[in-house]
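> The structure's right below; bear with me while I get my questions together.
Quick note: the coordinates plus some simple rules give every number you see, no bench work behind them. Source: prediction; values computed, not measured. With ideal geometry, Cβ positions are generated from the backbone for all residues, glycine too; neighbour counts draw on all protein chains shown.
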Amino acid sequence: MQSKRIEIDGVGSILLERSSRARHISVSIRPFKGVRVAVPRGVSFNKAEAVAQAKADWMVKHTVRMNRMEQEAIDLKNNHRLDPRKARKQLVSRLNELSEKHAIPYNRVFIKNQKTRWGSCSQKNNINLNMNLVRLPDALVDYTILHELAHVRVKNHSKRFWDELEKLVGGARKLDRELNRFNLLLA
């Protein structure tokens with residue numbers, strides 16, 4: 001058996017799933033995916049269930065937090081419907097403004113509905129931006145665009161990159177953490 005579902009009061013359905021990569025039983029809670037218990041080879045589902053039961057209080061606490069985050073993401077998506085043409089126009093316009101202001105030319109721009117990232121910069125200095133950016137506060141839109149423009153100059157996330165980004169936007173690390181709070185919109 002590769003997986004099994006169990007119910008725990010206050011938590012709900014939990015997936016016990018065999019994992020060839022797991023070394024220990026581990027419990028994780030993921031937005032829109034729920035609770036998963038990774039079960040290493042050689043460990044019984046009964047043992048994994050016992051571990052899950054022992055961590056029930058932890059799961060309840062974190063499930064409540066995760067449910068709140070999921071609801072915020074759903075509300076944000078519902079209250080900020082996307083018009084792809086408008087999103088493209090808005091993001092390209094802002095990219096051009098910031099590119100010109102900071103004298104950082106880029107090659108081409110692509111606006112996509114990506115599932116895992118807010119933006120990227122290719123080796124050829126093509127900028128990809130996620131259309132969901134238009135749902136975010138303006139400061140985070142600018143931060144993301146400047147982050148990708150900084151990659152035109154420095155192609156990695158080294159100290160030199162963060163120094164460059166800091167010149168473009170003060171408090172870059174703080175803005176990066178704030179942007180991560182909205183990652184549920186990518187789901």
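> Give the cross-link partners of Lys33 among the aspartates and glutamates, using a straight C-alpha distance below 14 Å as the criterion and excluding same-chain residues fewer than 8 apart.
Reachable aspartates and glutamates: Glu17, Glu70.
> Below 8 Å between Cα atoms, with a sequence gap of 6+, how large is the relative contact order for region 84-186 in percent?
25 percent
> While we're on this one: Specify which residue in the list Val37, Met59, Ile74 is farthest towards the positive end of the charge dipole of region 3-79, using unit charges on the beta carbon of Lys, Arg (+1) and Asp, Glu (-1), about the Cα centre.
The Cα lying farthest towards the positive end belongs to Val37.
> Moving to a separate point now. So if each residue of separation counts as 0.36 nm, and I subtract the Cα-Cα distance between Gln114 and Met1, what length gain in nm does that give?
Length difference between fully extended and current span is 37.3 nm.
> Step through the residues of region 17-30 one at a time and calculate ³J(HN,Hα) from phi using the Karplus curve (6.51 cos²θ - 1.76 cosθ + 1.60, θ = phi - 60°), rounding each to whole Hz and writing x for Gly and Pro.
3J(HN,Hα) across region 17-30, in whole Hz: 10, 5, 9, 6, 8, 6, 9, 9, 5, 9, 10, 9, 10, 10.
> Cα-based Rg of the chain per 2.2 N^0.38 Å, rounded to two decimals? Present the calculation step by step, with values, prior to reporting the outcome.
Numbers: Rg = 20.9 Å, N = 187, 2.2 N^0.38 = 16.1 Å.
That works out to 1.30 for the chain.
> Check Ser19: other-chain or 5+ apart residues with amide H under 5 Å from its amide H, H built from backbone geometry?
HN-HN under 5 Å from Ser19: Val39, Arg41.
> Can you check what the net charge comes to around Arg36, using other residues whose Cβ is under 11 Å from the Cβ of Arg36 (Lys, Arg +1; Asp, Glu -1)?
That works out to +2.
> Going 7 Å from the Cα of Asn180 toward and past its Cβ, which residues in region 28-68 have a backbone nitrogen under 16 Å from where you end up?
Residues 29-31 qualify, since their backbone N sits under 16 Å from the label point.
> So, one more: Give the angle, between 0 and 90 degrees and rounded to the nearest 10, that separates the Cα long axis of helix 45-54 from the longest principal axis of the Cα atoms of the chain.
70 degrees
> Right, next: Under a straight-distance cross-link criterion of Cα-Cα below 19 Å, which lysines are reachable from Lys86, leaving out those fewer than 8 residues away in the same chain?
Lys77, Lys112
> Helix 84-101 against the longest principal axis of the chain: what's the angle in degrees, Cα atoms only, rounded to the nearest 10?
Around 60 degrees separate the two axes.
> Placing unit charges on C-beta atoms (Lys and Arg positive, Asp and Glu negative, everything else neutral), compute the dipole magnitude of region 54-187 about its Cα centre in debye, rounded to 20.
Details: 27 positive and 15 negative charges, 73 e Å.
Using only the charged Cβ atoms, the result is roughly 360 debye.
> Among His62, His151, which comes first, then next, by fewest other beta-carbon atoms within 10 Å? Could the numbers behind the result be given before it?
On the way: His62 16, His151 23.
Final ranking by Cβ density, sparse to dense: His62, His151.
> Give a residue-ordered list of calculated ³J(HN,Hα) values for region 152-160 (Karplus: 6.51 cos²θ - 1.76 cosθ + 1.60, θ = phi - 60°; whole Hz; x for Gly, Pro).
4, 8, 10, 7, 9, 10, 6, 4, 4
> Mind listing the phi-derived Karplus ³J(HN,Hα) values for region 56-62, rounded to whole Hz, using 6.51, -1.76 and 1.60 with θ = phi - 60°, and x for any glycine or proline?
After applying 6.51 cos²θ - 1.76 cosθ + 1.60, I find 4, 4, 4, 5, 4, 4, 6 Hz.
> Here's a follow-up. What percent do you get for the relative contact order of the chain when only Cα pairs under 8 Å and 6+ apart count?
Averaging sequence separation for qualifying contacts and normalising by length gives 15 percent for the chain.
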